[in-house]
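Take a look at the structure set out below.
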Amino acid sequence: MFVTRRSAAPMFTRNGLTSTVLVEKGIVATTLTVTWVEVDVGGCQVRHAHEPEQAYVIISGRGRMHVGDETADLGRGDLALVPSGIQHGIDNIGDDLLTYVSASTPAFSITDLYERGALMPRELVEKRPSDGRPASAPNRRQC
């Protein structure tokens, strides 16, 4: 059995969104990447796409999910499925913290996506330091 504690897991913060990596490729032999995500009021997830398909399950709050050209408002207990390779993201449209769990398969390294700048606003990715690392953007809200 593999157990991870959210309090000890790697965390990334961008655009009012904090993503805690519970399991990903390279941590254990798994076919899943799972994150616990909290989005501040007015916060959002940068629109992005990746090969693994992904499910978002809303734990609390209200979010507006964008998948390709489609948009849906989600609340506690709702699930949105994102097909492989489709641009997607979520915005907190409520008055409280939006919390969701994300599961993707096949497993991939979400840490690598953050470190390469794939989950940052495009303007900040273009302003990377010369060593190739992404610029820091702790609370920019551009999605």
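A cut-off under 13 angstrom between Cβ atoms defines the neighbours of G94, and their net charge, with Lys, Arg +1 and Asp, Glu -1, is -4. Stokes-Einstein, applied to the Kirkwood radius of segment 9-122 over Cα pairs at a viscosity of 1.002 mPa s and 20 °C, places its translational diffusion at 155 µm² s⁻¹.
FYI, it's all coordinate maths here, none of it is from the lab. In this text the structure is predicted, and so the values were computed from the model without any measurement. As a convention, Cβ positions derive from the backbone with ideal geometry for all residues, glycine included, and neighbour counts pool all protein chains shown.
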